[in-house]
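Here's the structure, in structure tokens; my notes come after.
The values are calculated or read from the model by the stated rules, or taken from the named source; none is laboratory data. Computed from a predicted model, the values in this text were never measured in an experiment. Using ideal geometry, Cβ is built from the backbone for each residue, glycine included, and neighbour counts are taken over all protein chains shown.
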Amino acid sequence: MSKPYKYIFFDLDHTLWDFDSNSSEVLRELYFTYDLGKYGIESADLFLERFVQTNNALWAKYNVGEIDKFYLRNQRFRLVFEDAGAIMTLVEEMFLKEFNKQFLHHSPRKSKLMDGAIEVLEALHGHYKMFIITNGFEEVQSIKMAHSKIDHYFDRIITSEKAGFKKPFAGIFNYAMKWTGANPEESIMIGDNLEADIKGARDYGMDQIYYNPAGIAHNESVTHEIKNLTEILAIMDHLAAVKNG
Ligand SMILES: [Mg+2]
């Protein structure tokens with residue numbers, strides 16, 4: 001049975017804000033600015049590829065509390081440089097710190113969104129109360145939203161840092177309900193992370209839309225699954241029709 005929703009909770013990174021394209025753009029620029037070839041990293045493409053692998057692995061650990069923000073931020077580029085074949089004796093600690101600082105400054109100021117994001121937000125805006133719920137770091141998430149010009153669509157940004165709990169844990173959803181006035185029965189969660197966004201919301205009693213553009217196979221039961229963000233409109237439209245009919 002379908003049910004009408006009043007509240008939509010969106011994840012930000014990889015769901016609306018195109019983390020991969022934006023971070024790749026910055027890393028490519030930094031590769032040439034700092035001439036990483038001279039440390040033995042053969043190409044910008046190799047560097048980007050190793051960043052994606054390492055960063056995703058670190059974020060998976062961060063999401064379940066195996067590592068903290070400090071570790072993630074401080075060790076990230078050391079691991080990426082190592083994996084990309086850098087001669088580590090040439091890579092000084094201060095340089096890695098500076099590199100990380102540059103990445104953190106420039107990356108959230110990139111503005112590329114996932115395909116269909118604006119179209120969907122524009123269509124839903126005004127019909128639902130919309131919120132961001134993110135495990136991303138407090139100080140960068142609002143910069144990303146401002147630079148990609150999507151901040152005005154949302155009533156609130158819920159961050160795990162403010163909540164004191166990360167998705168998939170109930171604590172962040174409790175916090176979100178409290179600060180938005182929403183309830184799980186009339187809410188739907190849209191996100192790209194099966195564990196954090198989708199299972200998190202499901203276990204909390206919220207319906208979910210799993211945004212799975214790569215079509216990754218899984219065995220979880222989810223309310224809806226989509227490959228393109230624009231499919232959200234059909235789902236919400238259908239529900240409006242059910243509600244009115
Ligand atoms: Mg995400």
Hey, any hits in segment 86-96 for a residue that's under 21 Å from Glu161 (Cβ atoms), surrounded by 14 or more Cβ atoms within 10 Å (Cβ to Cβ) and either touching a helix residue (DSSP H, G or I) at 6+ places or on another chain (Cβ under 7 Å) or of a type in the set (D, E, K, R) (or both)? no
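Each row is one residue, and each column tells you yes or no for (1) closer than 19 Å to His105 by Cβ; (2) in the same structural domain as Ala176 (by TED's automatic domain parsing); (3) surrounded by 20 or more Cβ atoms within 10 Å (Cβ to Cβ).
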| residue | (1), (2), (3) |
| --- | --- |
| Leu12 | yes, yes, yes |
| Glu25 | yes, no, no |
| Glu29 | yes, no, no |
| Gly37 | no, no, no |
| Gly40 | no, no, no |
| Leu46 | no, no, no |
| Phe51 | yes, no, yes |
| Ala57 | no, no, no |
Test: Tyr5 is touching a helix residue (DSSP H, G or I) at 6+ places or on another chain (Cβ under 8 Å) and either within 16 Å of the ligand (Cβ to nearest atom) or outside any helix (DSSP H, G or I) (or both): yes
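Given the criterion under 22 Å from Ser21 (Cα atoms) and surrounded by 18 or more Cβ atoms within 10 Å (Cβ to Cβ), identify the matching residue among Ile158, Ile150.
Details: Ile158 fails: under 22 Å from Ser21 (Cα atoms).
Every option except Ile150 fails the conditions.
Could you list, in sequence order, all residues of segment 136-147 that are closer than 13 Å to Phe10 by Cβ and modelled with pLDDT of 95 or more?
In the first step, residues of segment 136-147 are kept if they are closer than 13 Å to Phe10 by Cβ; the result is 136, 141, 144-145.
If the condition is that a residue be closer than 13 Å to Phe10 by Cβ and modelled with pLDDT of 95 or more, then Gln141, Lys144, Met145 are the ones that fit.
Residues in segment 230-240: is at least one within 16 Å of the ligand (Cβ to nearest atom), assigned to a helix (DSSP H, G or I) and either over 15 Å from the mean Cα position of the chain (by Cα) or assigned by TED's automatic domain parsing to the domain that holds Val64 (or both)?
Our first condition is that a residue be within 16 Å of the ligand (Cβ to nearest atom); within segment 230-240, this holds for 232.
From the residues that got through so far, the ones that are assigned to a helix (DSSP H, G or I) too are 232.
So of that shortlist, the ones also either over 15 Å from the mean Cα position of the chain (by Cα) or assigned by TED's automatic domain parsing to the domain that holds Val64 (or both) come out as 232.
Yes: one or more hits.
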Counting just the residues of segment 193-212 that are more than 11 Å from the ligand (Cβ to nearest atom) and touching a residue at least 24 places away in the same chain (Cβ under 8 Å), which one comes out surrounded by the fewest Cβ atoms within 10 Å (Cβ to Cβ)? Asp203
Taking into account only those residues within segment 59-82 that are loosely packed, with under 15 Cβ neighbours inside 10 Å and among the aliphatic types (A, V, I, L, M), which is farthest from Asn193 (Cα to Cα)? Val64
Which condition from (1) away from the ligand (no atom under 13 Å from the Cβ); (2) touching a residue at least 24 places away in the same chain (Cβ under 8 Å) is the one that Asn55 breaks? (1)
Just to confirm my filter: which helices (runs of 4 or more DSSP H) fall fully inside segment 57-176 and include at least 3 residues that are aliphatic (A, V, I, L, M) and under 17 Å from the mean Cα position of the chain (by Cα)? 117-124, 138-147
